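Heads up: the structure comes next, in structure tokens.
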Amino acid sequence: MTYQFDRFLRYDEYTAWLHGVVAAHPGLVQLESYGTSFEGRDLWLVTITDHSTGAHDTKPAHWIDANIHSVEVTGGAAALYVIDYLVNGFGSDAAITEALRTRTFYIVPRVNPDGVEWTLADSPRFRRSSVRPWPWADAHQAPGLHERDLDGNGEILSMRIPDAHGGWMIDGAEPRLMARVPAEGAPAGVQRYRMLYEGDVVDHDGFTVPLPPNPQSLDMNRNFPAGWGTGVPGSGDHPMSEPEIDALVRAIVARPNICGYNAFHTSGGVLLRPSSVMSDKQLPPIDVWVWKLFSERGTALTGYTAHSVYEDFTFDPSETMSGAADDWVYEHLGVFGWTTEFWDVIQQATGTKPSTHIWYTGPTEDEERAVYRWAVEHHPEMYRDWTPFEHPQLGQVEIGGWNELAVWTNAPGSRLRAEIAPHAEFAVYQALCSPKLEVLHQRVERLGDDTWRVEVGIANTGFLPTYVTEKARKDRLVLPLVAELAGADVVGGTARLELGQLGGRLDHRFHYGKSDGTPERVLAGWTVRAAAGSSVEVSVRHQRAGSLQISVSLA
Ligand SMILES: [Zn+2]
């Protein structure tokens, strides 16, 4: 099955495509199911590395997951694109080849396959994430509006209802668009409307239309065990209460070689990073410095601006959004986390980035008009004419307007590949910045007939230190480097040496002047008793920086 990254795949196609990649690249790709979704679908994890240079768990790794949020299908397509980019670039692209020879990628393209399937169904239902009924176990529909494709055209659009006190009127500049009634009221004689998403009004009282949470109102990106709180909308019954998040957290923790993490979402055209709950001033300055260094490359490659969620994307700092995946990996694993929000249709249409408060305020009228004109030119099917419809509870309404999923939330098929492609190179860059253990030096000295001094010089030749973040070092989240000798009796010491952590080239940045020393090196030594001509095995391992084994001849 070929896939050109010009549309979104249903679950069966997605599964078939992954199996096809494994079959075509058996030396690079492994596929496993790390759990089962609420509706019983396999949760797929793709592991990519050059198996001829070592197993996946002997190398530092970069983790990518996507589509924890159902409708953000551009993120899922981007994760599939990274897989395609890696397997096709191996052997021809120098950076990809080096990355797969020395590092591992773990990619979960669909954290939440059930929600994606509801989104892409012929009769779609849009949910934030999980399709598990919550907080009512019986899928209770609270009184009010419940979104649904009423007219059966496969899209959930908007309804406009004539209402003398409505907040909307026909836009003066673009008569198919709706504009807000000015604060002082509409000019005399202007028809006003109330706007609602397309759907049923449950238990309609004839006067009010509440907007209750839907019967599946979980947000699985608030279900991680970091600052989890019941006050955060959709956070679930308890941390990891959802099978998809329980499986994801366990899969990540079971791979202690992970050094970097990226969750793919939509929308906004931004690279977001921790913290969501505290200011940069409360984080270790070196970690913020590294995020900013990575941001420079990320922005250069993708055009996306980079932001701390707390610093730039929080409307009300007294109401922060905790329990997100990138905060969890930073706070609890000490790993550099990112949330990529793909696609910014406003920037596409205007060439200018909207306010970072757009999540809370929506687009301005000028921005919406620009997007409308862009859509009419390139994707006219994304804005539908207002068509009369006899609503079961509200009577005569009109259905039409934006297909928000297709134009605001996700990149349209014609733009999808161009939008997601640059992010694969950013992933390779981050992987190549991770720490990397190597043995650079060996020395054997004969002390007596059968007594030898064996020394092995170990280095972290990567950019980041072996502990990766300052947060991890301070909180002691990472085990020390170990060197262990086998094959001879060790005299006056132990075979297993714990050697602490090694710096990386990053350390050279944090002192004044050009005298680096060797913060990234350590010399391990043993005195052993063994016959001349024999050899000893030295194993060097670090949970993040990798592991390797060498043989040293006693001669
Ligand atoms: Zn999201």
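For this structure, a couple of remarks:
- Partners of K292 within straight-line reach, counting aspartates and glutamates whose Cα lies under 12 Å from its Cα and excluding those fewer than 8 residues away in the same chain: D280.
- Computed [θ] at 222 nm, helices only, for the chain once each DSSP H run of length n ≥ 4 contributes -39500 (n - 2.57): -7000 deg cm²/dmol
- For the chain, with +1 on Lys and Arg beta carbons and -1 on Asp and Glu, the positive-most of S217, W359, I458 along the dipole: I458
- For the range 284-338 and the range 388-421, distance of Cα centres in Å: 31
- Put the Cα centre of the range 525-552 next to the Cα centre of the range 1-40 and the gap is 40 Å.
- Comparing Cα centroids, the range 80-128 and the range 175-198 end up 43 angstrom apart.
- About the centre of its Cα atoms, the chain shows a dipole size close to 2020 debye [charges on the beta carbon of Lys, Arg (+1) and Asp, Glu (-1) only; nearest 20 debye].
- Extension gain for L447 to Q4 (0.36 nm times residue separation, less C-alpha to C-alpha distance): 153.0 nm.
- Over the chain, volume per residue of the alpha carbon convex hull, in Å³: 175
- Share, in percent, of DSSP beta bridges within the chain that are antiparallel, nearest 5: 75
- J(HN,Hα) series, the range 371-376, from Karplus relation 6.51 cos²θ - 1.76 cosθ + 1.60, nearest Hz, glycine and proline x: 5, 4, 5, 5, 5, 4
- Karplus-derived HN-Hα couplings along the range 2-13 (A = 6.51, B = -1.76, C = 1.60, θ = phi - 60°), whole Hz, x at Gly and Pro: 9, 9, 9, 6, 10, 6, 10, 8, 5, 4, 5, 5
- For the range 408-417, the Karplus equation 6.51 cos²θ - 1.76 cosθ + 1.60, evaluated at θ = phi - 60°, returns couplings of 8, 7, 10, 6, x, x, 5, 10, 4, 4 Hz by residue, with Gly and Pro reported as x.
- Counting neighbouring Cβ atoms within 10 Å and putting the fewest first, the residues T364, T74 line up as T364, T74.
Every number in this text was worked out from the coordinates using simple rules, so none of it is lab data. Note that the structure is a prediction, hence the values are computed from the model and not measured. As a convention, Cβ positions derive from the backbone with ideal geometry for all residues, glycine included, and neighbour counts pool all protein chains shown.
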